[in-house]
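Right, one structure below, let's go through it.
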Number of protein chains: 2
Amino acid sequence: MNSGKTMQSKNKVFLPLFIIVSLFLTGCGGSSNNGTVAEASSAPAKVYKWRMVTTWPKNLPGLGRAPEMLAEKVRLMSNGRLQITVFGAGEIVPALGVFDAVSLGNVEMGHGAAYYWKGKVPVAQFFTAVPFGLTAQEMNGWLHHGGGIELWEELYGKYNLVPLACGNSGTQMAGWFNKEINSLADLKGMKMRIPGLGGEVFERAGGTAVNLPGGEIFTSLQTGVIDATEWVGPYNDLTFGLHQIAQYYYYPGWQEPGPTLEAIVNKEAFATLPADLQEIVRVAAKAVNDDLLAEYTARNNNALRELVDQHGVELRRLPVDVLNELHKISEEVIAEIPGDDELSQKIYRSYIEYRDGVVAYQDIAERAYVNARAEALEN
Amino acid sequence: MNSGKTMQSKNKVFLPLFIIVSLFLTGCGGSSNNGTVAEASSAPAKVYKWRMVTTWPKNLPGLGRAPEMLAEKVRLMSNGRLQITVFGAGEIVPALGVFDAVSLGNVEMGHGAAYYWKGKVPVAQFFTAVPFGLTAQEMNGWLHHGGGIELWEELYGKYNLVPLACGNSGTQMAGWFNKEINSLADLKGMKMRIPGLGGEVFERAGGTAVNLPGGEIFTSLQTGVIDATEWVGPYNDLTFGLHQIAQYYYYPGWQEPGPTLEAIVNKEAFATLPADLQEIVRVAAKAVNDDLLAEYTARNNNALRELVDQHGVELRRLPVDVLNELHKISEEVIAEIPGDDELSQKIYRSYIEYRDGVVAYQDIAERAYVNARAEALEN
């Protein structure tokens, strides 16, 4: 019998393996110290290498940093067990190919904004921005405590996707113009870069809405391909140098009062993750959602000072009449979105009902407060 | 020599240990499947059992749920490697003993609000709420992208604590009153439950500020121990039944425009955590910060309808003159907080400088938008 010898030879393998494993598992196996007890099952050490395609130019400040922040938080929290490589628009698929790439499972994740898919899923626009709709804070309330995310999951589930709210720029600006807007008639015949539902409203007001990726905006406005543009807000607009080629910077951003960015995960890919990694992805998305809005709030503030004080940008408020007329058109446009589709109607009703309530609440909360503060500070 | 025998006997121990370890580490050691590659180091399996004491009654909706949410997210993300048990006020230490208990290392974590420590660290109040100060969204901008958290870490570092922003109720209400407030003189001689800097302003306006824990508010107001009270907002106030014993519900909450809740971690305890668990704690706190504000925004909205429609609560706006006078007093009170302390002066200057900028920015952003929307919806 050579079982003894076999045993010994196996042990030669086990021993170094155990030492290696021990290095990874310090304290495992029932030992306790420093008031801690080792009794839980350890997370499996399988490593997942994922790809995340995005609608943003690689490393665009703000918007483009959100997916990088998400990937970084996930990597650190999972101790490298879930590694997500981020690709800018066009690196693997073009910006507007993100939805399909993740839906088909060609890549595991995507980052962008739901209104980019309006050609395929018109009602998806409610999960980014609605003209005269919800601010960032209100949007988070609807999504996570007002039934919004459940509807979004139902909608995207049909496309094999799990949606996550993952970033918000806060209220945007109405845009950059080279002529004064004194009445709605001034928009007639104007060619403006303005995406999503805002673009549809702009068209119905007599303008021509053009959808251009960020990288083409400056040249298009400079060469007269478009007459006006909106982009994001002071922080991002300053980077693009739009103040060099447009005279008036109009507010408020009626068309995008608090656009939510989305992270989308292929459903099967998400299901293959163990529970802890699924939770890590979900929680990281919420943290990025919190962090990006904070970044925009702080950076917009500084960029606005630079635009006004150093570059002499002229800020203008859209006239009340223009805003009121745009609002009337907006309500018509968004009411038509659901058509005959039952789920789309449900999403529309949920959004509008929540908005009615939250607007009433804002009358005594944030809105009442910021107005009182402004009045007191001026006093 | 008996080294061979010793070796063999050691191997008898190593073998079962290795099998146990393997059960925990399925897939470890270079195997790959489903497009994933196992090559990363596995997280150590040591389990940390922590205690978190809080300033909140156990399971209080909203505020009291924040630490529970934090503990739950951490448990799931760490796969049980960091287990935090949450204790309500008085279960281990009284509400106002939380800071010291964590500072001394008697427990690893705490959850509450920095203004509760004003007796020990007056400037800490800037990290919760400042009268006529920052809203929730603005506060997050200051903390995470305006230098606030670095100053908070420097301040709390002296007390052996790591601070994390972990929840926000949004703009609160001014409070419940049984007499009309028509001028500042109406506050004279009034006994009101109002904590923090708001309480100091109220005192300077001629009132008496009383600090009562949540559980004592209803009876104190009912029996006339206090004449008026503020608590949080519709969602929490409805739960307490304050509408049953007070006639007027005043807004806006000038005293707490967007109070930040804090999670505090004992510095040495935090340092004992491996890097992935540290990141899990930090990211979970940010996610809770996002989630709690969303919850309040959605729930306040519904609770307000119930208070007004079902309970006939009378909403009143504080007169402009009263707000402006309270603002003047507030600026005096907060300017006195730093005294001769250099770090406190730095915190005060950072806060005020950021506020000036963000208020100017709000004039063209969220504030401009919510006013335009309200006007359009009424039109």
Quickly run through the stretch A:204-227 and pick out the residues that are farther than 19 Å from A:Lys188 by Cα, part of a loop (DSSP other than H, G, I, E, B) and at pLDDT below 95.
A:Leu212, A:Pro213
Please go through the stretch B:45-80 and give me each residue that is within 19 Å of B:Ala287 (Cβ to Cβ) and in a strand (DSSP E or B), ordered by number.
B:Trp50, B:Met52, B:Thr54
Name every residue in the stretch B:215-231 that is touching a residue at least 40 places away in the same chain (Cβ under 8 Å) and open to solvent by less than 10 Å² (accessible area, probe 1.4 Å), in order of residue number.
B:Ala228, B:Thr229, B:Glu230
Every listed condition ((1) touching a helix residue (DSSP H, G or I) at 6+ places or on another chain (Cβ under 6 Å); (2) closer than 20 Å to B:Gly199 by Cα; (3) not in a helix (DSSP H, G or I)) holds for B:Ile264 save (2)
Can you tell me which residue among A:Glu378, A:Glu306 is within 12 Å of chain B (Cβ to nearest Cβ), in contact with a Pro (Cβ under 9 Å, 6 or more places away or on another chain) and either surrounded by fewer than 21 Cβ atoms within 10 Å (Cβ to Cβ) or at pLDDT below 95 (or both)?
A:Glu306
Taking the options B:Ala335, B:Ala269, B:Ala285, name whichever one is assigned to a helix (DSSP H, G or I), surrounded by fewer than 16 Cβ atoms within 10 Å (Cβ to Cβ), more than 7 Å from chain A (Cβ to nearest Cβ) and modelled with pLDDT of 95 or more.
B:Ala335
Scanning the stretch A:338-375 for residues that are in contact with a Ser or Thr (Cβ under 7 Å, 6 or more places away or on another chain) and not in a helix (DSSP H, G or I), which turns out farthest from B:Ala303 (Cα to Cα)?
A:Pro338
I'd like the residue in the stretch B:338-358 that is buried (at least 21 other Cβ atoms within 10 Å of the Cβ) and of a type in the set (Val, Ile, Thr) and, out of all such residues, is nearest to the other protein chains (Cβ to nearest Cβ).
B:Val358
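Pull up the stretch B:138-171, narrow it to residues that are assigned to a loop (DSSP other than H, G, I, E, B) and either open to solvent by less than 10 Å² (accessible area, probe 1.4 Å) or free of Cβ contacts under 8 Å to residues at least 12 places away in the same chain (or both), then point me to the one that is nearest to the other protein chains (Cβ to nearest Cβ).
So in the stretch B:138-171, the residues assigned to a loop (DSSP other than H, G, I, E, B) come out as B:146-147, B:158-160, B:169-171.
Imposing the further condition that a residue be either open to solvent by less than 10 Å² (accessible area, probe 1.4 Å) or free of Cβ contacts under 8 Å to residues at least 12 places away in the same chain (or both) reduces the set to B:158, B:169-171.
On the way: B:Lys158: 24, B:Ser169: 10, B:Gly170: 6, B:Thr171: 5 Å.
For the stretch B:138-171, the residue satisfying everything is B:Thr171.
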Taking the condition of being open to solvent by 20 Å² or more (accessible area, probe 1.4 Å) and either in contact with a strand residue (DSSP E or B) (Cβ under 7 Å, 6 or more places away or on another chain) or not in a helix (DSSP H, G or I) (or both), how many residues in the stretch B:318-332 meet it?
1
Among the residues of the stretch B:232-245 satisfying the criterion of being crowded, with 21+ Cβ neighbours inside 10 Å and in a loop (DSSP other than H, G, I, E, B), which is nearest to the other protein chains (Cβ to nearest Cβ)?
B:Gly233
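The values are calculated or read from the model by the stated rules, or taken from the named source; none is laboratory data. Computed from a prediction, not measured in an experiment: that's the story for all the values here. Neighbour counts run over all protein chains shown; Cβ positions are idealised from the backbone, glycine included. These area figures cover heavy atoms from the full protein model, side chains too; ligands, DNA and RNA do not enter into them. Shrake-Rupley method; radii C 1.70, N 1.55, O 1.52, S 1.80 Å.
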